[in-house]
Amino acid sequence: MSDSNLILIGMPGAGKSTVGVILAKRLGYQFIDTDLVIQTQEQCRLQEIIDRQGLEAFRKIEEQTLLRLQTTRCVIATGGSVIYSQQGVESIGKTGRLVYLKVPLTELQQRIADMGQRGLVMGKEQSFADLFSERTPLYERFAELTIDCNGLNAEQVAAEIETQLESGILNVFSQLLD
(Lines give C-alpha, C1' and ligand atoms only; values in the text may rest on other atoms or scores of the structure.)
Protein backbone atom coordinates (compact mmCIF):
# COMPACT_ATOMS: atom_id res chain seq x y z
CA MET A 1 0.00 0.00 0.00
CA SER A 2 1.22 3.50 -0.78
CA ASP A 3 1.16 6.60 1.40
CA SER A 4 -2.54 7.03 0.63
CA ASN A 5 -5.14 7.41 3.32
CA LEU A 6 -8.19 5.23 3.73
CA ILE A 7 -11.30 7.30 4.31
CA LEU A 8 -14.29 5.54 5.85
CA ILE A 9 -17.72 6.91 4.97
CA GLY A 10 -21.18 5.72 5.96
CA MET A 11 -24.16 6.30 8.17
CA PRO A 12 -23.96 7.08 11.87
CA GLY A 13 -23.71 3.73 13.63
CA ALA A 14 -21.99 2.02 10.69
CA GLY A 15 -18.87 1.50 12.80
CA LYS A 16 -16.50 3.89 11.03
CA SER A 17 -14.63 4.86 14.22
CA THR A 18 -14.48 1.35 15.66
CA VAL A 19 -13.44 -0.25 12.37
CA GLY A 20 -11.05 2.63 11.73
CA VAL A 21 -9.05 2.04 14.91
CA ILE A 22 -8.79 -1.69 14.20
CA LEU A 23 -7.87 -1.13 10.56
CA ALA A 24 -5.22 1.47 11.45
CA LYS A 25 -3.59 -1.02 13.83
CA ARG A 26 -3.70 -3.78 11.21
CA LEU A 27 -2.11 -1.57 8.55
CA GLY A 28 0.32 0.32 10.79
CA TYR A 29 -1.44 3.60 9.99
CA GLN A 30 -2.47 6.50 12.19
CA PHE A 31 -6.16 6.97 13.00
CA ILE A 32 -8.12 10.21 12.73
CA ASP A 33 -11.79 10.71 13.57
CA THR A 34 -13.02 13.93 11.95
CA ASP A 35 -15.85 14.24 14.49
CA LEU A 36 -13.25 14.32 17.29
CA VAL A 37 -11.16 16.83 15.34
CA ILE A 38 -14.22 19.10 15.11
CA GLN A 39 -15.06 18.67 18.80
CA THR A 40 -11.49 19.54 19.76
CA GLN A 41 -11.27 22.64 17.59
CA GLU A 42 -14.75 23.88 18.57
CA GLN A 43 -14.31 22.83 22.23
CA CYS A 44 -17.77 21.33 22.48
CA ARG A 45 -19.73 18.25 21.44
CA LEU A 46 -21.16 17.93 17.93
CA GLN A 47 -24.73 18.12 19.20
CA GLU A 48 -23.95 21.40 20.98
CA ILE A 49 -22.60 22.87 17.73
CA ILE A 50 -25.75 21.79 15.88
CA ASP A 51 -28.05 23.10 18.65
CA ARG A 52 -26.27 26.46 18.99
CA GLN A 53 -25.26 27.21 15.41
CA GLY A 54 -27.57 25.09 13.27
CA LEU A 55 -27.11 22.40 10.63
CA GLU A 56 -25.69 24.65 7.92
CA ALA A 57 -23.02 26.09 10.22
CA PHE A 58 -22.06 22.59 11.33
CA ARG A 59 -21.79 21.42 7.72
CA LYS A 60 -19.52 24.38 6.94
CA ILE A 61 -17.28 23.54 9.92
CA GLU A 62 -17.17 19.92 8.77
CA GLU A 63 -16.29 20.95 5.21
CA GLN A 64 -13.50 23.25 6.41
CA THR A 65 -12.11 20.42 8.55
CA LEU A 66 -11.94 18.15 5.50
CA LEU A 67 -10.33 20.85 3.37
CA ARG A 68 -7.61 21.44 6.00
CA LEU A 69 -6.71 17.78 6.58
CA GLN A 70 -3.24 17.05 5.26
CA THR A 71 -2.30 13.51 6.14
CA THR A 72 -0.71 10.40 4.73
CA ARG A 73 -0.94 6.79 5.85
CA CYS A 74 -4.02 7.43 7.98
CA VAL A 75 -7.33 5.71 8.38
CA ILE A 76 -9.85 8.54 8.60
CA ALA A 77 -13.31 7.99 10.06
CA THR A 78 -15.58 10.75 8.81
CA GLY A 79 -18.85 12.02 10.15
CA GLY A 80 -21.89 10.61 8.39
CA SER A 81 -22.78 13.99 6.92
CA VAL A 82 -19.50 14.60 5.05
CA ILE A 83 -21.10 13.49 1.81
CA TYR A 84 -23.18 16.69 1.75
CA SER A 85 -20.01 18.60 0.86
CA GLN A 86 -18.91 17.59 -2.62
CA GLN A 87 -15.89 19.90 -2.34
CA GLY A 88 -14.91 18.38 1.02
CA VAL A 89 -15.30 14.78 -0.15
CA GLU A 90 -13.39 15.45 -3.37
CA SER A 91 -10.61 17.14 -1.40
CA ILE A 92 -10.19 14.33 1.10
CA GLY A 93 -10.66 11.78 -1.69
CA LYS A 94 -7.52 13.12 -3.38
CA THR A 95 -5.52 11.98 -0.35
CA GLY A 96 -6.72 8.40 -0.44
CA ARG A 97 -9.50 5.94 -1.13
CA LEU A 98 -13.11 6.30 0.00
CA VAL A 99 -14.51 3.13 1.57
CA TYR A 100 -18.25 2.97 2.24
CA LEU A 101 -19.31 0.84 5.19
CA LYS A 102 -22.77 -0.29 4.09
CA VAL A 103 -25.04 -1.39 6.93
CA PRO A 104 -28.78 -2.15 6.59
CA LEU A 105 -31.19 0.39 8.08
CA THR A 106 -32.62 -2.06 10.62
CA GLU A 107 -29.15 -2.83 11.99
CA LEU A 108 -28.26 0.86 12.17
CA GLN A 109 -31.45 1.63 14.07
CA GLN A 110 -30.57 -1.04 16.63
CA ARG A 111 -27.07 0.41 17.06
CA ILE A 112 -28.18 4.02 17.51
CA ALA A 113 -29.85 4.13 20.90
CA ASP A 114 -29.57 7.80 21.87
CA MET A 115 -29.85 9.81 18.67
CA GLY A 116 -30.43 13.05 20.58
CA GLN A 117 -26.90 13.11 22.00
CA ARG A 118 -25.16 11.64 18.98
CA GLY A 119 -24.75 14.82 16.96
CA LEU A 120 -26.80 13.66 14.00
CA VAL A 121 -26.94 16.17 11.18
CA MET A 122 -30.61 15.96 10.33
CA GLY A 123 -33.66 18.19 10.37
CA LYS A 124 -36.00 18.01 13.35
CA GLU A 125 -38.82 16.73 11.13
CA GLN A 126 -36.58 14.12 9.47
CA SER A 127 -36.56 10.48 10.60
CA PHE A 128 -33.47 8.30 10.67
CA ALA A 129 -35.02 6.26 7.83
CA ASP A 130 -35.41 9.47 5.79
CA LEU A 131 -31.76 10.29 6.47
CA PHE A 132 -30.73 6.78 5.38
CA SER A 133 -32.71 7.10 2.12
CA GLU A 134 -31.25 10.53 1.43
CA ARG A 135 -27.61 9.64 2.14
CA THR A 136 -27.26 6.12 0.73
CA PRO A 137 -27.10 7.22 -2.95
CA LEU A 138 -24.47 9.82 -2.02
CA TYR A 139 -22.26 7.28 -0.23
CA GLU A 140 -22.58 4.94 -3.19
CA ARG A 141 -21.69 7.74 -5.61
CA PHE A 142 -18.49 8.76 -3.82
CA ALA A 143 -17.31 5.31 -2.69
CA GLU A 144 -14.42 3.62 -4.45
CA LEU A 145 -15.03 0.47 -2.46
CA THR A 146 -18.23 -0.64 -0.73
CA ILE A 147 -18.03 -3.13 2.12
CA ASP A 148 -21.25 -4.95 2.94
CA CYS A 149 -21.12 -5.00 6.74
CA ASN A 150 -24.36 -6.92 7.22
CA GLY A 151 -23.83 -9.44 10.01
CA LEU A 152 -20.10 -8.67 10.37
CA ASN A 153 -18.40 -7.41 13.51
CA ALA A 154 -15.79 -4.64 13.44
CA GLU A 155 -12.83 -7.06 13.25
CA GLN A 156 -14.40 -8.83 10.29
CA VAL A 157 -15.09 -5.55 8.49
CA ALA A 158 -11.49 -4.41 9.01
CA ALA A 159 -10.24 -7.78 7.75
CA GLU A 160 -12.46 -7.51 4.66
CA ILE A 161 -11.12 -4.05 3.85
CA GLU A 162 -7.56 -5.31 4.28
CA THR A 163 -8.32 -8.28 2.01
CA GLN A 164 -9.72 -5.96 -0.65
CA LEU A 165 -6.61 -3.78 -0.40
CA GLU A 166 -4.31 -6.77 -0.75
CA SER A 167 -6.26 -8.10 -3.71
CA GLY A 168 -5.58 -4.87 -5.53
CA ILE A 169 -9.17 -3.68 -5.84
CA LEU A 170 -8.25 -0.18 -4.70
CA ASN A 171 -5.01 -0.15 -6.70
CA VAL A 172 -7.06 -0.43 -9.88
CA PHE A 173 -8.95 2.70 -8.83
CA SER A 174 -5.76 4.61 -8.08
CA GLN A 175 -4.43 3.77 -11.55
CA LEU A 176 -7.67 4.97 -13.10
CA LEU A 177 -7.53 8.22 -11.12
CA ASP A 178 -3.86 9.00 -11.89
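Filter the range 30-52 for residues that are in a helix (DSSP H, G or I) and either over 17 Å from Q64 (Cα atoms) or of a type in the set (D, E, K, R) (or both) and give the result.
D35, E42, Q47, E48, D51, R52
So which residues in the range 122-147 are modelled with pLDDT of 90 or more, more than 17 Å from T78 (Cβ to Cβ) and in contact with a Leu (Cβ under 9 Å, 6 or more places away or on another chain), if there are any at all?
Within the range 122-147, A129, S133 qualify.
Just need a number here: residues in the range 62-83 that are surrounded by 15 or more Cβ atoms within 10 Å (Cβ to Cβ), of a type in the set (A, V, I, L, M, F, W, C) and more than 8 Å from the chain's Cα centre (by Cα).
So the count comes out to 5.
Within the set of pairs 6 or more residues apart or between chains, which connect a residue that is in contact (Cβ under 8 Å) with a residue 60 or more places away in the chain inside the range 144-156 to a residue that is in a strand (DSSP E or B) with Cβ atoms less than 7 Å apart?
Once the first residue is in contact (Cβ under 8 Å) with a residue 60 or more places away in the chain and sits in the range 144-156, its partners that are in a strand (DSSP E or B) give C149/L101; C149/K102.
Of the residues T146, T136, which single one is in contact with a Lys or Arg (Cβ under 7 Å, 6 or more places away or on another chain) and not hydrophobic (A, V, I, L, M, F, W, C)?
Criteria check complete, one pass: T146.
Any idea how many residues of the range 94-107 are modelled with pLDDT under 95 and within 22 Å of Q39 (Cβ to Cβ)?
1
Within the range 167-175, is there a residue that is touching a strand residue (DSSP E or B) at 6+ places or on another chain (Cβ under 8 Å), buried (at least 21 other Cβ atoms within 10 Å of the Cβ) and modelled with pLDDT of 90 or more?
No, the conditions are met nowhere in the range 167-175.
Report, by residue number, each residue of the range 148-166 that is modelled with pLDDT of 90 or more and in a helix (DSSP H, G or I).
Across the range 148-166, the qualifying residues are A154, E155, Q156, V157, A158, A159, E160, I161, E162, T163.
Note down all Cβ pairs under 6 Å where the first residue falls in the range 63-87 and is farther than 20 Å from E42 by Cβ, the second is in a loop (DSSP other than H, G, I, E, B), and they're at least six residues apart or on different chains.
Pairs found: T72/D3; R73/D3; R73/Y29; C74/Y29; V75/Y29.
Of these, T95, T40, which one is surrounded by fewer than 21 Cβ atoms within 10 Å (Cβ to Cβ) and under 27 Å from A159 (Cβ atoms)?
Among T95, T40, only T95 is surrounded by fewer than 21 Cβ atoms within 10 Å (Cβ to Cβ) and under 27 Å from A159 (Cβ atoms).
Within the range 99-117, is even one residue surrounded by fewer than 21 Cβ atoms within 10 Å (Cβ to Cβ), within 16 Å of E63 (Cα to Cα) and either touching a strand residue (DSSP E or B) at 6+ places or on another chain (Cβ under 7 Å) or not polar (S, T, N, Q) (or both)?
Within the range 99-117, none of the residues are surrounded by fewer than 21 Cβ atoms within 10 Å (Cβ to Cβ), within 16 Å of E63 (Cα to Cα) and either touching a strand residue (DSSP E or B) at 6+ places or on another chain (Cβ under 7 Å) or not polar (S, T, N, Q) (or both).
With the condition kept exactly as written, say whether any residue in the range 17-37 is closer than 17 Å to E144 by Cα, free of Cβ contacts under 8 Å to residues at least 24 places away in the same chain and under 16 Å from the mean Cα position of the chain (by Cα).
no
The values are calculated or read from the model by the stated rules, or taken from the named source; none is laboratory data. Everything quoted here is computed from the prediction, not taken from an experiment. All Cβ positions, even for glycine, are placed from backbone atoms using ideal geometry, and neighbour counts span all protein chains on display.
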